[in-house]
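Data first, discussion second: the structure below is written as structure tokens.
The values are calculated or read from the model by the stated rules, or taken from the named source; none is laboratory data. In this text the structure is predicted, and so the values were computed from the model without any measurement. Quick reminder, even Gly has a Cβ in these numbers, built from the backbone with ideal geometry, and neighbours come from all protein chains shown.
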Amino acid sequence: MSVAKLIAAKDTATRPFAILPAALISSSAVLLFSIEIAWVGYILMVAGLALAVVSDRIRASAGLAKDLLLIAVALAAVSLISLEADISPMGMLRFTLALGAAVVIPYALSRWVFKDHFITFPLRLERWTSEQWSYLVVVILAAYLILPYYFLTSGVWQNWPAVIEWHEITRLFIGVNAVGIWDELFFICTCYVLFMRHFRPWLANVLQAAIFVSFLWELGYREWGPLLTIPFALVQGLVFTITRKNLLYVVVLHLLFDAVVFAVIVHAHHPEALPIFPIVHGF
């Protein structure tokens with residue numbers, strides 16, 4: 001099999017050169033959110049868009065510049081705020097506006113300006129298979145066994161604000177779940193889908209995962225967090241493909257993880273009141 005066939009999406013003539021602009025856009029997220037050298041990130045973003053135009057003109061791709069522009073605009077919107085967890089009313093408002101723009105703007109441009117309707121949010125209200133239900137159980141067990149150890153022994157729970165009062169716990173619950181849902185709307189239904197217009201799912205998944213993991217790093221999943229977030233981002237993309245783009249299912253998977261994240265953070269501040277992680281040692 002030629003390299004072009006290995007990377008090109010079905011029914012496209014994408015050539016290897018197209019990987020370069022796409023990789024630059026994904027790399028810009030690493031600079032913006034993980035390494036936090038914004039000016040370099042913006043340079044990579046502009047370079048990626050410029051090379052995408054070249055790629056389309058030399059017929060190494062078709063419409064890549066347009067699709068990468070949608071991702072770049074969204075990344076620029078998110079980069080306008082600090083992604084460090086902030087559950088204050090103003091912090092939640094900033095997150096709502098920036099993250100909301102990152103989903104709404106690409107969708108609006110795609111649907112009403114470019115009129116291609118490629119960004120969708122397919123809930124697929126259909127019966128889940130026994131394998132899908134079994135995987136949900138596996139996810140819950142894995143989250144319960146892994147996440148408490150990661151959060152409590154690495155100290156990353158301190159990257160989230162203290163939750164003492166009931167209203168702080170309530171805002172944390174809302175914030176964790178809202179960001180979890182947004183993750184799937186943006187990284188999977190927007191970035192992954194746009195990358196898959198040009199590349200095989202395996203390559204599109206790697207490109208979206210780089211953006212996904214970079215965001216999670218700045219959000220607070222640090223220390224050895226990427227050992228968890230990289231597989232998580234890749235699996236979410238894979239599950240989305242296997243389930244024929246079932247957004248509802250991948251959102252449920254994500255929220256199951258986030259339920260444990262929420263419980264661990266609350267437990268870290270109130271270990272006596274919420275002693276539900278007895279197998280974690282060293283905390």
Which count do you get for residues in the stretch 214-241 that are modelled with pLDDT under 95 and among the β-branched types (Val, Ile, Thr)? 0
Among the residues of the stretch 127-181, which ones are within 23 Å of Gly91 (Cβ to Cβ), in a loop (DSSP other than H, G, I, E, B) and hydrophobic (A, V, I, L, M, F, W, C)? Trp160, Ala162, Val163, Ile164
Inside the stretch 154-204, can you point out the residues that are under 18 Å from Ala101 (Cβ atoms) and charged (D, E, K, R)? Asp183, Glu184
Those residues of the stretch 3-23 which are charged (D, E, K, R) and either buried (at least 17 other Cβ atoms within 10 Å of the Cβ) or touching a helix residue (DSSP H, G or I) at 6+ places or on another chain (Cβ under 6 Å) (or both), in sequence order: Arg15
All positions within the stretch 124-171 that are farther than 14 Å from Glu223 by Cβ and polar (S, T, N, Q): Thr129, Ser130, Gln132, Ser134, Thr170
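Determine whether Ile25 is part of a helix (DSSP H, G or I), free of Cβ contacts under 8 Å to residues at least 40 places away in the same chain, β-branched (Val, Ile, Thr) and under 20 Å from Phe212 (Cβ atoms). Show your work before the answer.
Values: part of a helix (DSSP H, G or I): yes; free of Cβ contacts under 8 Å to residues at least 40 places away in the same chain: no; β-branched (Val, Ile, Thr): yes; under 20 Å from Phe212 (Cβ atoms): yes.
Against the criterion (part of a helix (DSSP H, G or I), free of Cβ contacts under 8 Å to residues at least 40 places away in the same chain, β-branched (Val, Ile, Thr) and under 20 Å from Phe212 (Cβ atoms)), Ile25 does not qualify.
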If we only count helices (runs of 4 or more DSSP H) wholly inside the stretch 35-126, which ones have 2 or more residues that are under 26 Å from Thr14 (Cα atoms), over 19 Å from the mean Cα position of the chain (by Cα) and β-branched (Val, Ile, Thr)? 38-57
Tally time: how many residues in the stretch 218-237 are within 30 Å of Ser55 (Cβ to Cβ), surrounded by fewer than 19 Cβ atoms within 10 Å (Cβ to Cβ) and either in contact with a strand residue (DSSP E or B) (Cβ under 6 Å, 6 or more places away or on another chain) or touching a residue at least 24 places away in the same chain (Cβ under 8 Å) (or both)? 1
